[in-house]
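The values are calculated or read from the model by the stated rules, or taken from the named source; none is laboratory data. Quick caveat, the model's predicted, so the values are computed rather than measured. Cβ sites come from the backbone with ideal geometry, for glycine too, and all protein chains shown count toward neighbours. Only protein heavy atoms, including side chains, enter the accessible area calculation; ligands, DNA and RNA are left aside. Shrake-Rupley method; radii C 1.70, N 1.55, O 1.52, S 1.80 Å.
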Amino acid sequence: MRKALRWLLALTVFIGTLSTAAGAATAAEPEPTDIKDRLLSIPGMSLVQEKPYPGYRYFVLNYTQPIDHRHPDRGTFQQRITVLHRDVTRPTVFYTSGYNVSTTPSRREPTQIVDGNQVSLEYRFFTPSRPDPADWSTLDIWQAASDQHRVYEALKPVYSANWLATGGSKGGMTATYYERFYPRDMNGVVAYVAPNDVVNNEDSAYDRFFERVGTKECRDRLNAVQREALVRRAPLERKYAAYAAEKGYTFTTIGGLDKAYEAVVLDYVWGFWQYSLLKDCDTVPANAATATDEEIWNSVDTISGFSAYTDQGLETYTPYYYQAGTQLGAPTIHFPRIERKLIRYGYQPPRNFVPRSIPMRFQPDAMRDVDTWVRHHAHHMLFVYGQNDPWGSERFRLGKGAHDSYVLTAPGMNHGANVAGLVPDQKSLATARILDWAGLSPSTVAQAKPLARYDAKLDVRDAEREPALRP
């Protein structure tokens with residue numbers, strides 16, 4: 001009996017040993033080598049679609065994020081990201097527009113410069129990357145920076161070379177906020193045309209900008225068309241009502257067609273300088289007083305867009321207007337050449353563009369904190385602005401504590417300003433710093449030239465077009 005028990009015990013130990021060995025063998029299986037398999041092996045990562053593009057692998061993915069990074073137990077949502085894969089040994093550029101992410105393969109300027117990979121992130125609360133139900137109190141710059149931090153931590157083991165953060169306009173702001181809250185993640189930041197509204201109630205810089213931008217002839221043309229659109233408010237609003245009825249547009253959020261009409265018209269001059277160049281003044285009616293109603297309508301619609309302040313036009317950008325009214329701030333400008341009797345509402349606050357069911361409270365310290373941090377702690381940061389872009393009127397500036405950081409202005413350029421548009425010596429400087437921050441060789445840095453050839457389909461060089469008064 002004792003022998004039988006000893007034999008049974010030995011058999012049990014032997015089987016256990018085999019099980020342990022089998023488990024060890026399973027654990028020792030090699031990690032996947034195909035980039036898609038490596039990405040999908042990341043916990044929380046799932047594939048939406050893979051799209052072909054010559055020389056790259058391109059993936060549209062979802063990544064599981066906490067709704068509230070301070071309280072991860074309060075639920076999750078799926079955040080859309082894309083990966084333009086070049087090679088795991090190349091630098092990686094982390095891009096966000098601050099809005100929706102495009103699911104068409106594209107390459108931002110720093111990605112072309114370093115010939116690298118590009119990870120693009122959809123900003124939280126832009127659909128489909130919106131929690132359901134949506135707790136709007138979790139839409140702030142720290143939560144968004146924490147989204148980026150988690151994505152970076154998840155992908156860094158795959159893309160182990162240097163990383164750069166970039167973005168244009170609200171995306172440039174986003175890259176800056178990310179650096180402020182997680183300064184150890186990125187090796188460098190390239191922020192394009194990033195507004196910096198430190199004191200929300202003091203916007204005189206914009207008024208000064210519109211007094212001197214471009215030429216007097218161009219300014220006079222634009223001001224005259226804007227004024228004429230208000231003089232002809234009655235007939236043009238009738239046209240607007242017919243247009244809205246045809247398209248099925250409504251005006252509940254802003255509070256009526258009249259408010260929407262004035263908002264579009266008051267965006268006109270700003271919108272021109274944001275997206276057009278001085279040479280485009282030839283497209284503006286030369287004599288507004290003698291122009292037809294159709295000519296005035298077409299000019300305003302082309303530049304400002306009469307759909308912008310409809311419920312349907314506002315809906316996509318509710319997350320932006322919410323942030324503008326809670327943390328980012330929004331510009332207010334004056335119109336000294338237009339009689340007061342013609343302006344009923346003036347520049348309307350972001351609160352008017354967000355459904356009343358969503359509570360909002362402005363936090364004046366948010367931008368002051370970021371501005372102070374940049375002035376005193378900026379490290380490996382490049383800010384690029386356009387000379388004729390109104391958003392550059394309130395910009396980031398560097399203080400004594402900044403190191404290896406730069407604020408450069410592209411002459412004559414608008415909201416699409418980039419490194420390629422800088423004067424030659426500044427272009428060389430900026431390109432060299434980007435290459436250096438990307439961890440490339442000194443000889444490569446010294447050449448100060450983009451490493452990848454320009455691709456007309458892949459490389460986006462125009463301003464990131466949004467309706468006027470959205471950065």
| said: Return the residues of the range 168-203 that are surrounded by fewer than 24 Cβ atoms within 10 Å (Cβ to Cβ) and among the β-branched types (Val, Ile, Thr); say none if nothing qualifies. | reply: Val198, Val199
| Mind checking which residues of the range 147-167 are touching a strand residue (DSSP E or B) at 6+ places or on another chain (Cβ under 8 Å) and open to solvent by 10 Å² or more (accessible area, probe 1.4 Å)? | Arg150, Tyr152, Ala154, Lys156, Ala161, Asn162
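Within the range 276-353, considering only helices (runs of 4 or more DSSP H) that don't extend past its boundaries, which have at least 3 residues that are open to solvent by 60 Å² or more (accessible area, probe 1.4 Å)?
Working: elements: 293-303, 311-315, 318-323.
Of the helices (runs of 4 or more DSSP H) lying wholly inside the range 276-353, those with at least 3 residues that are open to solvent by 60 Å² or more (accessible area, probe 1.4 Å) span 293-303.
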| query | Failed condition for His376, given (1) without any contact (Cβ under 8 Å) to a residue 60 or more places away in the chain; (2) open to solvent by 20 Å² or more (accessible area, probe 1.4 Å); (3) closer than 30 Å to Arg219 by Cα, with all others met? | reply | (3)
| message | Exactly one condition in (1) of a type in the set (D, E, K, R); (2) touching a residue at least 60 places away in the same chain (Cβ under 8 Å); (3) not in a helix (DSSP H, G or I) is false for Arg208; which is it? | response | (3)
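Of all residues being of a type in the set (A, V, I, L, M, F, W, C) and closer than 15 Å to Gly305 by Cα in the range 220-241, which is surrounded by the fewest Cβ atoms within 10 Å (Cβ to Cβ)? Just the residue, please. If you could, list the steps in order and put the result at the bottom.
As a first pass, look at the range 220-241 and keep what is of a type in the set (A, V, I, L, M, F, W, C): 222, 224-225, 229-231, 234, 236, 241.
Next, from what is left, pick out any that are closer than 15 Å to Gly305 by Cα: 225, 229, 236, 241.
Working: Val225: 25, Ala229: 24, Leu236: 21, Ala241: 14.
So, considering only residues that are of a type in the set (A, V, I, L, M, F, W, C) and closer than 15 Å to Gly305 by Cα, the one surrounded by the fewest Cβ atoms within 10 Å (Cβ to Cβ) is Ala241.
Residues that are without any contact (Cβ under 8 Å) to a residue 60 or more places away in the chain and in contact with a Pro (Cβ under 9 Å, 6 or more places away or on another chain): list the strands (runs of 3 or more DSSP E) wholly contained in the range 58-133 that include at least 1 such residues.
Filter on the range 58-133 gives 76-85, 117-121.
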| Qualifying residues in the range 410-462 (those that are among the polar types (S, T, N, Q) and crowded, with 20+ Cβ neighbours inside 10 Å) - the one farthest from Asp115 (Cα to Cα) | Asn414
| query | In the range 188-202, what residues are touching a residue at least 40 places away in the same chain (Cβ under 8 Å) and among the charged types (D, E, K, R)? | reply | Asp197
| query | Pick from the range 318-347 the residues that are of a type in the set (Val, Ile, Thr) and at pLDDT below 95: which of them is farthest from the chain's Cα centre (by Cα)? | reply | Ile333
| query | Does Glu217 fit the bill of being assigned to a helix (DSSP H, G or I), out of contact with any Leu (no Cβ under 8 Å at 6 or more places or on another chain), open to solvent by 30 Å² or more (accessible area, probe 1.4 Å) and modelled with pLDDT of 95 or more? | reply | yes
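Restricting the search to the range 252-275, which residues are farther than 22 Å from Thr332 by Cβ and buried (at least 17 other Cβ atoms within 10 Å of the Cβ)?
Leu257
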